[in-house]
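Have a look at the structure below before the remarks.
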Amino acid sequence: MATPEGWTESGGALTREFRFADFTEAWGFMSRVALIAEKRDHHPDWSNSWNTVSISLTTHSAGSTVTENDVAMAEAINQVLGG
C-alpha cells in the first residue's frame with residue numbers, strides 16, 4: 001500500500017496540508033471533498049484557517065490506522081486538485 005503523492009503517513013494517519021489563494025478557494029475545495037467523503041462514507045478529520053486546509057485520514061474502526069480506504073480517499077482528494 002503506497003502513500004499517495006503529497007501525503008505523509010504518521011501516527012496511524014495520512015496527513016496533508018493544502019494552501020490556496022484565499023478563504024473562498026479553500027472553502028470551495030472543502031465543499032468538493034465533503035461531497036466525495038459523504039459518497040464514500042469516509043469522513044476526514046480536518047481544519048481550515050483562512051487559505052489553509054489540513055486533512056488527516058485514518059480508519060478508526062480498524063484501530064486508528066491507515067487502510068486501503070484511507071489511501072483511496074487521499075487519491076480521490078488529490079484528483080480534486082488534478083493531481
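The values are calculated or read from the model by the stated rules, or taken from the named source; none is laboratory data. Just so you know, these numbers come straight off a predicted model, no measurement behind them. Cβ: placed from backbone, ideal geometry, glycine included. Neighbour counts: every protein chain shown.
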- Query: Given Thr3, Thr15, which one is farther than 15 Å from Gln79 by Cα, modelled with pLDDT of 95 or more and either assigned to a helix (DSSP H, G or I) or not acidic (Asp, Glu) (or both)?
  - Reply: Thr15
- When both residues are 6+ apart or on different chains and their Cβ atoms are under 8 Å apart, which pairs have a first residue that lies in region 51-77 and is in contact (Cβ under 8 Å) with a residue 24 or more places away in the chain and of a type in the set (Gly, Ala, Ser), and a second that is in a helix (DSSP H, G or I) and surrounded by fewer than 15 Cβ atoms within 10 Å (Cβ to Cβ)? Ala72/Arg40; Ala76/Arg40
- When residues of region 32-41 are filtered for being modelled with pLDDT of 95 or more, surrounded by fewer than 17 Cβ atoms within 10 Å (Cβ to Cβ) and either acidic (Asp, Glu) or within 19 Å of Thr8 (Cα to Cα) (or both), how many remain? 1
- Message: Can you say whether Phe29 is touching a residue at least 24 places away in the same chain (Cβ under 8 Å), of a type in the set (Phe, Trp, Tyr) and exposed (fewer than 14 other Cβ atoms within 10 Å of the Cβ), as far as the supplied structure shows?
- Response: no
- Query: Residues of region 18-36 being under 17 Å from Gly82 (Cβ atoms) and either touching a Pro at 6+ places or on another chain (Cβ under 6 Å) or assigned to a helix (DSSP H, G or I) (or both), which ones?
  - Reply: Glu25, Ala26, Gly28, Phe29, Met30, Ser31, Arg32, Val33, Leu35, Ile36
- Item | Residues of region 44-59 classified as outside any loop (DSSP other than H, G, I, E, B) and either of a type outside the set (Val, Ile, Thr) or modelled with pLDDT under 95 (or both), total | 9
- Task: Could you list all residues from region 60-75 that are of a type in the set (Val, Ile, Thr) and either in contact with a His (Cβ under 8 Å, 6 or more places away or on another chain) or in a helix (DSSP H, G or I) (or both)?
- Result: Val71
- Message: Could you go through region 50-60 and let me know if any residue there is under 17 Å from Gly82 (Cβ atoms), loosely packed, with under 15 Cβ neighbours inside 10 Å and of a type outside the set (Val, Ile, Thr).
- Response: no
